[in-house]
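Please read the structure below before turning to the comments.
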Amino acid sequence: MRSRHLGKVALAIAGATFCFAAAPLAAESVVTGQATTVGANKQKFAVPGASVQLLRSDGTPVDGQTASTNELGVFRFTGVADGCYFVTGRSEGLEGLSEPFCLPGLDGAVVVPMRVQQVVETVVVQASAIGINPVETSSQGEVGQATLDNAPKANRGFDDVLPLIPGVVRGPSGEINLNGARNTQSGARVNGADVTDPVTRQSKVNMPANVVNRIEVLSSPYDAQYGGFTGALSRIQTKSGNMTKFNVSLQNFNPRMRKRDGTIMGIESATPRLTLTGPIKKGRVAFLQAVEYQFVRTQQEDAKLPELSRDTEREALSIFNQVDIQASDKNTATLNVLFFPEKLNFFGLDAFHPQATTPDLRRRGMLSTLRDAHQFASGATLLSQFDVQDLDADVKPLGFADYRLGLEEASGSYFHRESRHSLRRQWSERYHFAPFQAAGGHQIKVGGSIGHERYNGLQTYNPVTWLGVDDQVVRSVTFGAPASVQASKRDYAAYIQDKWQPFVELTFDLGARVERDSLGRNTNPSYRSGFAYTIGKGGRTVLRGGSGLFYDRISLAIPTFTSLPARTETIYGQADLLGVSQQFEQRLGGRLLNPRTLSWSLQLEREVMQNLFVRAGYQQRRTTHNFLVERTGGADGLAALTLDNKGRDSYREWQLTSRYRIRSDNHITASYIRSSSVGDLNDIASILGETPAALIQPNERAPLAFDAPNRFLFWADIGLPWDLRAAPVLELRQGFPYSIQNEMREIVGARNRGGRFPMYKTLDLQVTKRFTLNIAGKERKFRFGVRTFNVLNQFNPQDVQNNIDSPFYGVYYRGMKRRLRGVLEIGN
């Protein structure tokens, strides 16, 4: 009944969006142009699907003036004021710059000649394109710099905007889940570098949000160059240094005071960010540097904890350094170095785990990337890249007392202590052949990569005791001596990809990939196949879809499973003071196989009227050979915890999205997602993650913890009078599932089918104003405003008492109340 009601609400609001979109707007001036490239035989070709940006003559971007070229390489800008401009373009392996032109007086179309992809940019491309890409075969969502600037962000990080993409949801523990995949299954790339942890397979990279140029989420990337994951893929592209002039900006420098019990008690948050960019050698070498410090205390409201003891603390420092080198017209290079240490105090604090029972989690990371692009006389391009990622992580309990879990509250000290270090090094090469004609146009690329990962750590587990009614001991688990673990592996990949356009209305992505690693010793061939077909004239309707086979990498935690401290469980009866003990043998269930996914999708996108785009689609993904831990019978009568490849996941998603572009830089977006995420619950991440499971339940196949069958999302970026800008975000979705237990911590009924949290309803809003002041003879830009979270002050609980033997069974806790935050930024 609730899902039907939510569906009706979604359709009603979507209908209101369409009605609003139908309102007529005043006519606006238009600039049209074409992006072209030259093949080996000097023949000129159109470049479809390129991202183009309008810039002023001084190199500053015009807000919101971005577009994608159609199947003929043609683009259009509307609402362009009088002045002088030029246009930049970017496509896979190509980049271009037009001749300057002025309005009024432009005679004909603007031509953007595309050459080798410039790793170094002389300008900044700011906003994401809003339109229909007639040659893109993958279903994707994108956010650009305008969204990063204007959308309300709780933690002021780039990952806060990812849930604005349909199909992306923030899970119950705060993790980002892309299109129904666990966060350990999805890929993550920053400037082409893999930034997932070799041990946990999660991405924890942290960088200043204002150096991010664009974020894309590809639910099914039908490009063979992407591999090593079974879920979706997120790609982050950073800005380039300014080759012509220096820029300085200062953001979030106003700290927020901590108010408790009616008085001010220290600082609640301080998140200053400083960004510098400019030429080292004008036109040849530029730098970009950003430093951000974050100290944030987050109050866990309605958590039945003392007012002064219900804060979590996050302290982080991210330092981003980049040098861009344009050695010649045909050769460019970029060096990135990112440092991102982070400390999380009282990690896992909730209604049942007070501060003393939580651990501190400390991470230290460094990512170094060197990229080089060279164009040959034939028009072919060679892209080379070398990455190094160095990660440390420590889990530190706040004491050494035994961990005791009561029905209502935990006591003692957290049971797991860990120290680990991991390192990944990867070298990759990609060669783009010059475009050529043979039964249509072809853009072929081949490439490969060689990687090495290693991991070493120390794992310590302390006893855990569970208490029942009247605080009677009902269950306990003890562990063996601390274990020193280590693992390493090498992996290899090679691929070939052809973007074939037999005629202008039809594009195919056809690719093959082969992967191998030294742990599984399996050679895994896979395929990619996608299409995009433009229906009718004008390029207003595109049907796209495809299918692909994907293989995941094997986590370095897998081969260390048998080396972890052994565990012994004891269950106590009503009159059994000694209890019945059971020792578990930890073993591997056979040969290690790489998890694999078979996915397919079909999507129809149409511009139903000028500036109103509607997208409807379906995608399905089935994953097999997942690693999971099962309680099984062992040798010699011993019970066993067996790690095997028997896990399965499935995901289905229906999507309906409408996006209305208001003038050039404003939009209204509404989406409804109907989805199902089902899989085995004893996946390796939930058992051996940074906060491992103290009690391992029997495995079941059920809805995953982040399953939200119905989700409606509405958000907008709207310009208002007096140079104000408003960005509201409304989200309605079904609550996440949970299990029911008894005092023995046995599952009552089926796992994750005991109930769901109440419907999640939240409205966030950011309103800002820009203005300019003349300071010391220079024009300085300022922006100030306010961001409000949970405007409607809805109770969205994060915890529930799910034990039927508790007198508070069914009570929800930890709902976030309305919060008001200021915005103050200084630039030049």
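Quick test for you: out of Arg596, Arg587, pick the one residue that is among the basic types (Lys, Arg) and within 30 Å of Glu743 (Cα to Cα).
None of the other options fit; the residue is Arg587.
Kindly provide the set of residues from the range 377-410 that are in contact (Cβ under 8 Å) with a residue 24 or more places away in the chain, within 30 Å of Ile450 (Cβ to Cβ) and not in a strand (DSSP E or B), ordered by number.
Ser378, Gly379, Ala380 - these are the residues of the range 377-410 that are in contact (Cβ under 8 Å) with a residue 24 or more places away in the chain, within 30 Å of Ile450 (Cβ to Cβ) and not in a strand (DSSP E or B).
Quick one: which residue in Tyr495, Tyr414, Tyr455 is under 30 Å from Pro807 (Cα atoms), surrounded by 20 or more Cβ atoms within 10 Å (Cβ to Cβ) and hydroxyl-bearing (Ser, Thr, Tyr)?
Details: Tyr495 fails: under 30 Å from Pro807 (Cα atoms); Tyr455 fails: under 30 Å from Pro807 (Cα atoms).
Only one candidate passes the filter, namely Tyr414.
Closer than 27 Å to Ile444 by Cα, assigned to a loop (DSSP other than H, G, I, E, B) and over 11 Å from the mean Cα position of the chain (by Cα): is that true of Ala154 in this structure?
Spelling it out, it is not the case that Ala154 is closer than 27 Å to Ile444 by Cα, assigned to a loop (DSSP other than H, G, I, E, B) and over 11 Å from the mean Cα position of the chain (by Cα).
Ile718 versus (1) at pLDDT 95 or above; (2) surrounded by fewer than 18 Cβ atoms within 10 Å (Cβ to Cβ): which is the lone unmet condition?
Exception for Ile718: condition (1).
From the set of residues in the range 682-693 that are of a type in the set (A, V, I, L, M) and either buried (at least 20 other Cβ atoms within 10 Å of the Cβ) or in a helix (DSSP H, G or I) (or both), which is modelled with the lowest pLDDT? Spell out the reasoning first.
Residues of the range 682-693 that are of a type in the set (A, V, I, L, M), as a first pass: 684-685, 687-688, 693.
If we keep only those that are either buried (at least 20 other Cβ atoms within 10 Å of the Cβ) or in a helix (DSSP H, G or I) (or both) too, we end up with 684-685, 687-688.
On the way: Ile684: 91, Ala685: 89, Ile687: 90, Leu688: 86.
This residue is Leu688.
Among (1) part of a strand (DSSP E or B); (2) of a type in the set (D, E, K, R); (3) closer than 19 Å to Gly73 by Cβ, which single condition is Lys537 missing?
Tallying (1) part of a strand (DSSP E or B); (2) of a type in the set (D, E, K, R); (3) closer than 19 Å to Gly73 by Cβ, Lys537 fails exactly one: (1).
Can you find even one residue in the range 799-816 that is touching a residue at least 40 places away in the same chain (Cβ under 8 Å), in contact with a Ser or Thr (Cβ under 8 Å, 6 or more places away or on another chain) and more than 30 Å from Thr657 (Cα to Cα)?
The answer is yes, given that some residue of the range 799-816 is touching a residue at least 40 places away in the same chain (Cβ under 8 Å), in contact with a Ser or Thr (Cβ under 8 Å, 6 or more places away or on another chain) and more than 30 Å from Thr657 (Cα to Cα).
Given the conditions (1) in a loop (DSSP other than H, G, I, E, B); (2) crowded, with 21+ Cβ neighbours inside 10 Å; (3) small (Gly, Ala, Ser); (4) at pLDDT 95 or above, which single one is not true for Gly735?
(2)
Can Asn179 be described as at pLDDT below 90 and of a type outside the set (Lys, Arg)?
Values: at pLDDT below 90: no; of a type outside the set (Lys, Arg): yes.
Here the answer is no, as Asn179 does not meet what is asked.
Among the residues of the range 160-175, write down those that are buried (at least 21 other Cβ atoms within 10 Å of the Cβ) and either touching a Lys or Arg at 6+ places or on another chain (Cβ under 9 Å) or among the charged types (D, E, K, R) (or both).
Answer for the range 160-175, where residues must be buried (at least 21 other Cβ atoms within 10 Å of the Cβ) and either touching a Lys or Arg at 6+ places or on another chain (Cβ under 9 Å) or among the charged types (D, E, K, R) (or both): Val161, Pro166, Gly167, Val169.
Can you find even one residue in the range 302-313 that is surrounded by fewer than 16 Cβ atoms within 10 Å (Cβ to Cβ) and assigned to a strand (DSSP E or B)?
no
Yes or no: Tyr403 more than 30 Å from Trp500 (Cα to Cα), in contact with a helix residue (DSSP H, G or I) (Cβ under 9 Å, 6 or more places away or on another chain) and either among the charged types (D, E, K, R) or surrounded by 20 or more Cβ atoms within 10 Å (Cβ to Cβ) (or both)?
For Tyr403, the condition - more than 30 Å from Trp500 (Cα to Cα), in contact with a helix residue (DSSP H, G or I) (Cβ under 9 Å, 6 or more places away or on another chain) and either among the charged types (D, E, K, R) or surrounded by 20 or more Cβ atoms within 10 Å (Cβ to Cβ) (or both) - is met.
Among the residues that make up the range 227-240, is at least one of them of a type outside the set (Lys, Arg), at pLDDT below 90, assigned to a loop (DSSP other than H, G, I, E, B) and over 24 Å from Asn594 (Cα atoms)?
Yes, the conditions are met somewhere in the range 227-240.
Name the single residue, out of those in the range 607-622 being in contact with a Leu (Cβ under 9 Å, 6 or more places away or on another chain) and of a type in the set (D, E, K, R), that is surrounded by the fewest Cβ atoms within 10 Å (Cβ to Cβ).
Checked the range 607-622; the qualifying residue surrounded by the fewest Cβ atoms within 10 Å (Cβ to Cβ) is Arg622.
Quick one: is His667 over 20 Å from Ala708 (Cβ atoms), modelled with pLDDT of 95 or more, in contact with a strand residue (DSSP E or B) (Cβ under 9 Å, 6 or more places away or on another chain) and buried (at least 17 other Cβ atoms within 10 Å of the Cβ)?
no
The values are calculated or read from the model by the stated rules, or taken from the named source; none is laboratory data. The structure displayed is predicted, hence computed values, not measured ones. Glycine gets a Cβ as well: all are built from the backbone with ideal geometry, and neighbour counts include every protein chain shown.
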